[in-house]
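All remarks here apply to the structure that follows.
Each reported figure results from applying straightforward, stated rules to the coordinates on display, with no laboratory input. Since the structure is predicted, the reported quantities are computational estimates derived from the model, not experimental observations. Don't worry about glycine lacking a Cβ; one is built from the backbone with ideal geometry, like all the others, and counts go over all protein chains shown.
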Amino acid sequence: MHTDRERCLRAVRSRDARFDGWFYTAVLTTRIYCRPSCPVVPPKPGNTVFYPSAAACQQAGFRACKRCRPDASPGSPQWNRRADLTARAMRLITDGVVDRDGVAGLAARLGYSARQVERELLAELGAGPLALARAQRAQTARLLIETTALPMADIAFAAGFASVRTFNDTVREVFALSPSGLRARAPRDAAPPGASGALSLRLPFRAPLHPDNLFGHLAATAVPGVEEWRDGSYRRTLRLPYGHGIAALAPTPDHVACRLLLGDLRDLPVAISRCRRLLDLDADPVAVDGQLRRDPELAPLVDRAPGRRVPRTVDEAEFAVRAVLGQQVSTAAARTHAARLVTAHGDPVDDPEGGLSHLFPTPEALAAADPEALAMPRTRRTTFTTLVTRLAERRLHLGPDCDWADARAHLLSLPGFGPWTVDVIAMRALGDPDAFLATDLGVRRAARGLGLPSTPAALTARAAAWRPWRAYAVQYLWATDSHPINSLPVPSPSEDVHR
């Protein structure tokens, strides 16, 4: 979008928050860059240039605005709806691959040369992988500076900087303040870390966001020991590159409150990235709802509760396993099956603030389990063991960098994998915004109630008009039912919802 100058200027003049993260405004006279919704007086058009990423602004020598904090904008929704090289690279950079494995490791994961990856990112984002990773490190450093009392040296290494000097230089260059100056400017009402060392953060999103089905789905399908709904927050354990963590996420009108307990602070950017992915916070609800409103049958559903998101996952392999456990059984039965696996094969964790007890088992741990001990029909046992074996042996890859078409084809080749299982994994694990569950009973029942075709073939044909947002149409169709996935839990005054 940054190449459409007139459209960008209109968004800046109207301070349109819908475009935050789509592009950035850099002011030539002040050498400052802002998000489109910055509250200051818009600069003269002749003094502005537009960039596709914060990293490109920083690389061009611009500093982040202290009022609108453009480096903390929601991520570009392009990376949610695309599966090309650039989108896959961006998902991996956000997941911390460059900091851990370097540009060579990023290129190896993508199956391209480092030079080709650099060239593609420069062409589309105006910055290479190192600059994009540096911008992410700067944002992580800012979060730690403003929300913790950690010594600056500890923050430098936790944010991924190689030295304290590099950390100091980067913070000054990006924010025009020293690290101590940033800490002095931090909001006085910022929540300090608790006794357990938890970090309290605000996760921004593009409005509107309707939380009922998003958090309701996660709470209703929560696996005991791994997930829970407690005190108005969805909480779950996280398996992270340097250790484990626990995230607590609660919806508010203008952000999602995020509380993180991490075993290693180097996992902070990855934990934030996975929480955002889980809640689909980088989606563009205006574009999604605008497309779906064009269908007169869907329009009333969208108008009633705009901004529905697709509940996703923090671990693609975990969700694939859970999808198999949920084949042709109730939500309660699927949770019971998963809880047994967690107790038997999950890694135990301590939870000082709640009732979580385990990490979800790895594919390697599940592949080593005795198949005869699995309490499921023989055909589903074969499906389960084949899946976890392929995942453990790395013959099936479902990470943020995977090719959606290849992953779908591989899943369909496995025994017991039909269209419903593949599409629900594509929708919630891979993040394909156009995945459509034409054979899902809830979707078909909702379609029938709205006067839409209810046979899979006819419904698929009708749903072609909803592309590329059919996964969001599924959320609106599901919401016509009274199933618990569509409502925020109402906690009992005397006990936790999941206990």
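Tally Lys and Arg at +1 and Asp and Glu at -1 over the other residues with C-beta under 15 Å from the C-beta of Thr480: what net charge comes out?
Numbers: positive: Arg304, Arg308, Arg444, Arg445, Arg448; negative: Asp212, Asp295, Glu297, Asp303, Asp440, Asp481.
Overall, the nearby charge balance is -1.
Of the peptides 449-458, 279-288, how do they stack up when ordered by the mean number of other Cβ atoms within 10 Å, highest first? Walk me through the numbers before you get to the answer.
Values: 449-458: 14.2, 279-288: 22.3.
Ranking the peptides 449-458, 279-288 by packing returns 279-288, 449-458.
For Cα pairs less than 8 Å apart in space and 6+ apart in sequence, what is the mean separation divided by the residue count of the chain, i.e. the relative contact order in percent?
Values: 855 pairs, mean separation 67.0, N = 499.
Normalised by residue count, the contact order of the chain is 13 percent.
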Report task. Only Cα pairs under 8 Å and at least 6 apart count here; give the relative contact order of segment 90-160 as a rounded whole percent. Result -> 25 percent
Report summary line: As a percent rounded to 5, the proportion of antiparallel DSSP bridges among beta bridges in segment 5-54 is 90 percent
Report summary line: Note on segment 5-54: alpha-carbon gyration tensor, axes a ≥ b ≥ c; rule is a/c under 1.5 for rounded, else prolate if a/b larger than b/c, else oblate; result rounded
Requested in this report: Count the DSSP beta bridges whose two residues both fall in the chain, then state the antiparallel fraction as a percent rounded to the nearest 5.
Outcome: 90 percent
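Note down the net charge around Leu201, summing +1 for each Lys or Arg and -1 for each Asp or Glu among other residues with Cβ under 12 Å from its Cβ.
Values: positive: Arg142, Arg202, Arg259, Arg276; negative: Glu146.
Taking every other residue near Leu201 into account, the sum is +3.
Using helices alone, what [θ] at 222 nm do you get for the chain, with -39,500 (n - 2.57) per DSSP H run of 4 or more residues, divided over all residues and rounded to the nearest 500?
Values: 23 runs with 223 residues, N = 499.
After summing the helix terms and dividing by residue count, I get -13000 deg cm²/dmol.
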Report task. Return the distance in nm (one decimal) between the two label points of a simple spin-label model at Val41 and Ser413, each offset 7 Å from Cα along Cα→Cβ. Result -> 6.4 nm
Query raised in the report: With labels modelled as points extended 7 Å from the Cα through the Cβ direction, what inter-label distance (nm, one decimal) is found for Asp264 paired with Arg394?
Result: 1.8 nm
**Report entry** Largest to smallest principal axis extent of the C-alpha atoms in segment 192-499, angstrom
**Finding:** 52, 47, 38
Requested in this report: Output the relative contact order of segment 5-54, whole-number percent, from Cα pairs under 8 angstrom with separation of 6+ residues.
Outcome: 42 percent
Requested in this report: Quickly rank 434-444, 114-124, 37-47 as a protection proxy: mean count of other C-beta atoms within 10 Å, highest first.
Outcome: 434-444, 114-124, 37-47
Report summary line: Given the candidates Pro456, Pro363, Gly416, the one whose Cα lies deepest towards the positive end of the charge dipole of segment 355-460, counting +1 at each Lys or Arg C-beta and -1 at each Asp or Glu C-beta, is Pro456
Query raised in the report: What fraction of the Cα pairs in segment 313-361, stated in percent, has a spacing above 18 angstrom?
Result: 35 percent
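How big is D for segment 392-470, in µm² s⁻¹ as a whole number, if Stokes-Einstein is applied with the Kirkwood radius of its Cα pairs at 4 °C and 1.567 mPa s? Please list the in-between numbers first.
Values: Rh = 13.5 Å.
The calculation lands on 96 µm²/s.
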Query raised in the report: Which peptide among 102-109, 366-373 comes first, and what is the full order, when sorted by highest mean count of other Cβ atoms within 10 Å?
Result: 102-109, 366-373
